[in-house]
Amino acid sequence: MGVIYSKTASEIEAMKLSGDLLGQAHREMAKLVKAGTTTRALNKVADEFIRDHGAVPSFFQFNGFPASVCISVNEVVVHGFPSDYALRDGDIISLDCGVCLNGYHADSAYTYPVGNVRPEIIKLLRITRESLYEGIAQATTANRMGDIGFAIQQYVQKHGFSVVRELVGHGVGRSLHEAPEVPNYGQRGKGIKLTNGLVIAIEPMINLGRREVVQERDGWTIRTRDRQPSAHFEHTVAIQNGKPEILTTFKYIDEIITF
Ligand code: MG
Ligand code: MG
């Protein structure tokens, strides 16, 4: 997948600013996550918020993607388009967004319940969010890439859910997607050594049912083959002083919605 660009401390500081602005864009969307809101309205609020703060939405026109937020409802895993679909009570919705500020990207995703959601689906959201932090905790210079995926996979499977294999996390920096790939499955002690200056998006995509996914005919939308729900949480994480530091944030989301 190409060369890995190690980041300096000042580049990582710049990315933290991108990550904070992205967190605030998520807050603006979180305010609108309720039955009746169209997914197009969610895209619009984030797009405007990011541009109003002197940044660029990273996803817009990325490989031709037509919007600023990937919006994935229920059985859609990732890469859904905004549309006229209005959220319904009982849905879950993944909002995946990126910000480029001063030339540096940040990337993060969060999956929300809409109104009253079945308990097993709330559990899917909780376990997926927790699995992200299980993975982040492994992002140390004592470890290799496989340790991150191993931790996520073990945690998720212990709770009876399944890990999507076809899509993975990635390096982040001056480009939204850089080397290396960051799988959400793997073997302990395998893969590249994790080093200071590495900045990666860790983004477990976890299914309630089977792990298989299919792509819709629009060439983007990925859904579960069994049409059971899927959850997705993502942070951009730097390794510095041997340890992980999260550059994106859910703190603004937590002010609006908890589950
Ligand atoms: Mg993302
Ligand atoms: Mg990503």
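The values are calculated or read from the model by the stated rules, or taken from the named source; none is laboratory data. From a predicted model like this one, the values you see are computed outputs, not experimental measurements. Neighbour counts run over all protein chains shown; Cβ positions are idealised from the backbone, glycine included.
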Test Ile256 against the criterion of being within 20 Å of Leu125 (Cα to Cα), surrounded by fewer than 19 Cβ atoms within 10 Å (Cβ to Cβ), under 19 Å from the mean Cα position of the chain (by Cα) and among the aliphatic types (A, V, I, L, M), and give yes or no.
yes
Those residues of the range 156-193 which are over 14 Å from the mean Cα position of the chain (by Cα), more than 26 Å from Lys16 (Cβ to Cβ) and within 16 Å of ligand 1 (Cβ to nearest atom) amount to Glu166
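Determine, yes or no, whether Asp89 is charged (D, E, K, R) and surrounded by 19 or more Cβ atoms within 10 Å (Cβ to Cβ).
On the way: charged (D, E, K, R): yes; surrounded by 19 or more Cβ atoms within 10 Å (Cβ to Cβ): no.
It is false that Asp89 is charged (D, E, K, R) and surrounded by 19 or more Cβ atoms within 10 Å (Cβ to Cβ).
Test Ile253 against the stated conditions and say whether it is within 16 Å of ligand 2 (Cβ to nearest atom) and β-branched (Val, Ile, Thr). Working first, answer last.
On the way: within 16 Å of ligand 2 (Cβ to nearest atom): no; β-branched (Val, Ile, Thr): yes.
It is false that Ile253 is within 16 Å of ligand 2 (Cβ to nearest atom) and β-branched (Val, Ile, Thr).
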Give the range 5-19 a look and list any residue that's assigned to a helix (DSSP H, G or I) and within 13 Å of His105 (Cβ to Cβ), or say none.
Glu11, Ile12, Ala14, Met15, Lys16, Leu17, Ser18, Gly19
Could you list all residues from the range 74-100 that are more than 16 Å from ligand 1 (Cβ to nearest atom) and either assigned to a strand (DSSP E or B) or closer than 21 Å to His53 by Cβ (or both)?
Ala86, Ile92
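If you go through the range 209-239, how many residues are aliphatic (A, V, I, L, M) and surrounded by 22 or more Cβ atoms within 10 Å (Cβ to Cβ)? Walk me through how you get there before you give the answer.
Restricting attention to the range 209-239, the residues satisfying the condition of being aliphatic (A, V, I, L, M) are 213-214, 222, 231, 237-239.
Of the ones still in play, those that are also surrounded by 22 or more Cβ atoms within 10 Å (Cβ to Cβ) are 231, 237-239.
The number of residues fulfilling the criteria is 4.
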Neighbours by Cβ (under 9 Å, 6+ apart or cross-chain): first from the range 238-259, under 13 Å from Tyr112 (Cβ atoms) and at pLDDT 95 or above; second buried (at least 21 other Cβ atoms within 10 Å of the Cβ) and of a type in the set (S, T, N, Q):
Phe250/Ser108
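Filter the range 68-86 down to residues that are within 15 Å of ligand 2 (Cβ to nearest atom) and surrounded by fewer than 24 Cβ atoms within 10 Å (Cβ to Cβ) and give me whichever is modelled with the lowest pLDDT. Outline the logic, then answer.
Kept after step one, since they are within 15 Å of ligand 2 (Cβ to nearest atom), are these residues of the range 68-86: 68-72, 77-80.
Applying the additional criterion that residues be surrounded by fewer than 24 Cβ atoms within 10 Å (Cβ to Cβ) yields 78-79.
Values: Val78: 97, His79: 94.
Residue satisfying both the conditions and the ranking: His79.
Might you check whether a residue that is at pLDDT 95 or above, more than 28 Å from Ser68 (Cβ to Cβ) and touching a helix residue (DSSP H, G or I) at 6+ places or on another chain (Cβ under 8 Å) occurs anywhere in the range 199-213?
Initial filter on the range 199-213 (at pLDDT 95 or above): 199-213.
Still in the list and also more than 28 Å from Ser68 (Cβ to Cβ): 209-212.
In the following step, the residues that additionally are touching a helix residue (DSSP H, G or I) at 6+ places or on another chain (Cβ under 8 Å) were identified as none.
No, that holds for no residue.
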Pull up the range 104-142, narrow it to residues that are part of a loop (DSSP other than H, G, I, E, B) and over 23 Å from Pro244 (Cβ atoms), then point me to the one that is farthest from ligand 2 (Cβ to nearest atom).
Asn116
When you check Asn196 against the structure, is it surrounded by 23 or more Cβ atoms within 10 Å (Cβ to Cβ) and part of a loop (DSSP other than H, G, I, E, B), yes or no?
no
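Within the range 35-46, is there a residue that is in contact (Cβ under 8 Å) with a residue 60 or more places away in the chain, part of a helix (DSSP H, G or I) and surrounded by fewer than 17 Cβ atoms within 10 Å (Cβ to Cβ)? Give the steps one after another, and end with the answer.
If we filter the range 35-46 for residues that are in contact (Cβ under 8 Å) with a residue 60 or more places away in the chain, which is where we start, we get 35.
Of the ones still in play, those that are also part of a helix (DSSP H, G or I) are none.
Checking the range 35-46: not a single residue is in contact (Cβ under 8 Å) with a residue 60 or more places away in the chain, part of a helix (DSSP H, G or I) and surrounded by fewer than 17 Cβ atoms within 10 Å (Cβ to Cβ).
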